[in-house]
Structures are given as C-alpha cells and as structure tokens.
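Here is the structure we will look at.
The values are calculated or read from the model by the stated rules, or taken from the named source; none is laboratory data. Because the structure is a prediction, the values reported are computed rather than measured. Quick reminder, even Gly has a Cβ in these numbers, built from the backbone with ideal geometry, and neighbours come from all protein chains shown. Ligands, DNA and RNA are excluded from the accessible area calculation, which covers all protein heavy atoms including side chains. Shrake-Rupley method; radii C 1.70, N 1.55, O 1.52, S 1.80 Å.
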Amino acid sequence: MTAVSILLHSLVDEIAGDGELAPQIVHRAYLPAHPSQFAELSSALPGPLVGALASQGITRLWSHQVAGLDAARRMADVLVTTPTASGKSLVFQLPILEEALRGGPGRALFLFPLKALGQDQRGKLNQLAAHAGLDIERDGAAIYDGDTPRKLRERLRAEPPRVLISNPDMAHFGFLGHAASWSPLFASLRWIVLDELHTYRGIFGCHFYHVLQRLLRLCERHGARPALIASSATAANAPEFAHRLTGREFVSVRESGAPREGRHFLLIQPSTSPYTTALQLLIRCVRAGLKTIVFTKARRITELLHSWLSNKDPELAS
C-alpha cells in the first residue's frame, strides 16, 4: 500500500469512529484498485499519430480505447461509458486525425453542452494534430458558438475545418437556421460526437432529439451518413438512453481498461445541514494533508463554506 492509501484508510476509520459523524454514515464500501488493461488495434495507427501520442506519454492504448476506436473506424455508432479521466476523448479524436493524415475528406462535428468543455477539447486536439505534423488551420479544430466573430463564422461556413466544435443551441440556430450555408460541412460530415450524453434529459433532451434528427436528415440530403460517437461517465441505462435520444443502436463500450487506485466510498445522510457535515469533512481531509474538492450547487454556498471555515479554523483559510 502507498502512503496515501494508508492515510486514507486511517482517516476513514477515524471518521467511522467519530461520535458525531459515524451515525450519519448509512453505507461504507471499499472499491479495490483496478490495474491497467491494454489491447492492440486491428490495424496500427499512422506513424505520425503514434509519435504524437508518445509526445504526451501515451505508448499503448487501454482496452476500452481500442474497442471504441475500432468501432469508430468501421463507422459504427459508439457509446463509451467508462469512468471520468479514462481517456474517452481519444476514441473520437484519433479517427478524425487518422482521416486527416490519410488526406481523406471526412470531417467531424463535436457537440458539447458547455463552452468550457469545447475550449478544452479544441486545445487537446490541436496539440495532437500539431505533434502529428498536420496543418492546424486546415486539419485542426475550430469553435463555432455565440462568441465566434462574424468574419470567422463566414469563413468557417465556407471552408469548414477538419473538426468543428459547437453546442446544441448553436446547432439549432447556427446550423439548422442557415442550412444552405453549411453544405460543405454537411456533405463531408463523417462523425458527430455527443459528449456528456447524460445532460440531454428532460425538456432539454427533447429539444435536442429534434435538433439532432434534423441535422442527420440534412446530412443525408447531402449524401452523408455520419456515425455517432457518444460518451458519458455517469449515464444510467446508457445504451437504452442513447437509443431513445438518437434512434440508433450503439456499440456499447463499458469496461474500462484504465488503471484506478482503490477508493473509499461513504454515503452520508446529514443529521442537520449538509453544509455543516461537508465543512466537518473538509477540515478533517485538509488537516490530514489530502487534496480535497467540495462540490456545491451555487457560488454563494461556496463562499459561505469558505467564510465558515475561516471562522471555525482560521489556519486553513488560505
């Protein structure tokens, strides 16, 4: 066991024996460590792409990445539901970069529910493309959203990049509302990526279903049938949900080959305010030297927790 593992075991035992916190624990479990599981692709990646991955410390692909990539290569609809930070993005980055290195005409549309996710994805994909020796302007990724300048919008419509990154609202207003202007994209669209699939629920999901169906019909009118690559780390009944949202059957990739440290899971039912319990746990974790994240529903609650922490334990305020 590592020093951190020993520390965590000790801290969890301490919390479970605390007279105030212990009665609030309704379930406790330890999820054992999971070693890496690698696999080999049905056909090797192009040399420049292998080099680009190596520059980021990636010398082998995990089993779920291989399963997803092989399915995407054969234009199957793919659903990847492995945990957070398991490298799901490579499943939709590598096929389009492979297409670019071959000089093929295929393009991709990446749809993210949040702008920040799109910005992050553009940076990662363009970095890979640059290391593979590709021209970023032609074979990289560009963002088309509400903040995109008018002149750039016109250029992206006339000469779409290899990967266009956008969001559901812009897909509705920008693409469907000006369909004739997007003929070059629709005719060459080979993949549509739906990241964070679990966000498309309720009224929002209902709207997005219709937007997606209209988008797919426009592609079909231009002679293209793009494959869908969907991903989520938290969707329940993901294959069924993906089918209802898109009307398609997916190749489901569920088993992660990424390594994972052992994890302690405590389900807590606060006896008073959940913020009070969160503050108690935060103080214990930080005092134990652990990097700790507390998620709240609003910025105001975050500021309140910090204020309470400053009053309760001034040494930890910074």
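Brief remarks on what is shown
- Element breakdown for region 257-301 at a 1.4 angstrom probe: carbon and sulfur atoms account for 57% of the accessible area.
- Candidates 251, 188, 307 compared by Cα position along the dipole of the chain: farthest toward the positive end lies 188, with charges placed on Cβ.
- Helical contribution to [θ] at 222 nm, DSSP H n ≥ 4, -39,500 (n - 2.57), averaged over the chain, rounded to 500: -13500 deg cm²/dmol
- In region 73-127, trypsin sites (Lys or Arg not before Pro) in a DSSP loop with at most 14 other beta-carbon atoms within 10 Å: 74
- Bins of 10 Å, starting at 0 and running to the largest distance - Cα pair percent for region 201-318: 10, 26, 20, 21, 16, 7, 1
- Per residue, the chain exposes an accessible area of 53 Å² to a 1.4 Å probe, with every protein chain left in place.
- Mean shadow area of region 2-69, taken as a quarter of the surface of its Cα convex hull (nm²): 7.5 nm²
- Degrees between helix 3-16 axis and first principal axis of the chain (Cα, 0 to 90, nearest 10): 60 degrees
- Relative contact order for region 78-145, counting Cα pairs under 8 Å that sit 6 or more residues apart, in percent: 23 percent
- Three-way shape call for region 12-171 based on the alpha-carbon gyration tensor, with the a/c threshold at 1.5: oblate
- Applying 1/(1 + (r/R0)^6) with R0 = 25 Å to the Cβ-Cβ distance of residue 22 and residue 263 gives a FRET efficiency near 0.80.
- Nearest 10 degrees, 0 to 90: helix 202-221 Cα axis against the chain principal axis: 20 degrees
- Square roots of five times the Cα gyration tensor eigenvalues for the chain, Å: 41, 24, 19
- Taking every DSSP bridge with both residues inside the chain, close to 25 percent are antiparallel.
- Within the same chain, aspartates and glutamates fewer than 8 places from residue 115 are excluded, and of the rest, those with a Cα less than 13 Å from its Cα are 145, 147, 169, 195, 196.
- Tilt relative to the chain, helix 89-102 - C-alpha long axis, 0 to 90 degrees, to 10: 30 degrees
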